[in-house]
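The values are calculated or read from the model by the stated rules, or taken from the named source; none is laboratory data. What you see is a predicted model; the values in this text were computed from it and never measured. All Cβ positions, even for glycine, are placed from backbone atoms using ideal geometry, and neighbour counts span all protein chains on display. What goes into the accessible areas is simple: the full protein's heavy atoms, side chains included, and nothing from ligands, DNA or RNA. Shrake-Rupley method; radii C 1.70, N 1.55, O 1.52, S 1.80 Å.
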Amino acid sequence: GYNVLEASDGMDALKVVEMHGTSKIDLLVSDVVMPHMGGVDLARTLTTMRPELKVLFISGYTDNFALRYGVFDEGVPFLQKPFSPTALARKVRDVLG
């Protein structure tokens with residue numbers, strides 16, 4: 001039941017959001033590591049533009065690795081790959097409240 005906007009990388013995601021103007025976007029689901037612009041930089045940029053935007057990071061790296069190397073802060077929603085569609089749906093629902 002969600003409308004999904006797709007982007008190939010962080011820079012493309014910025015363009016997609018820009019193309020949607022003031023349309024509401026509830027959630028950014030982003031890989032932590034991406035070409036051209038990583039997920040953390042993308043999330044920082046987009047949440048500055050849209051403070052109401054919620055973020056869910058996904059990665060093949062563990063959340064402990066990401067915390068240790070300063071990728072993101074503790075408590076940030078995170079889902080480790082691989083995950084099932086059911087696990088993703090559950091986590092999205094959890095993040096959206």
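Work out how much length Ala89 to Arg44 would gain on full extension: take 0.36 nm times their residue separation and subtract the Cα-Cα distance, in nm to one decimal.
Length difference between fully extended and current span is 13.9 nm.
Would you rank Ser8, Ser84 by solvent-accessible area, highest first, keeping every protein chain in place and using a 1.4 Å probe?
Ser8, Ser84
Scan around Asp31 for amide H atoms under 5 Å from its own, H built in the peptide plane at 1.01 Å from N, and keep only partners 5 or more places away or cross-chain.
Ile58
Go through (i) 17; (ii) 24; (iii) 29 and flag the label whose value is the computed percent of Cα pairs over 24 Å apart for this structure.
(i)
Just to make sure I understand: if all protein chains stay in place, what is the order of His36, His20 by accessible area at 1.4 Å, largest first?
Most to least solvent-accessible, the answer reads His36, His20.
Compare the Cα positions of Ile25, Leu88, Pro35 along the charge dipole of the chain (+1 at Cβ of Lys, Arg; -1 at Cβ of Asp, Glu; about the Cα centre) and return the one farthest towards the positive end.
Of the listed residues, the answer is Leu88.
Cross-link candidates for Lys81: which lysines have Cα within less than 17 Å, leaving aside residues fewer than 8 places away along the same chain?
Answer for Lys81, where 17 Å is the Cα cut-off: Lys91, listed by chain and number.
Dipole of the chain, Cα-centred, from +1 at each Lys and Arg C-beta and -1 at each Asp and Glu C-beta, to the nearest 20 debye?
Magnitude of the dipole: close to 220 debye.
Report the calculated FRET efficiency for Leu96 and Asp31 (r = Cβ-Cβ distance, R0 = 22 Å), to the nearest 0.05.
Result of the calculation: an efficiency of 0.70.
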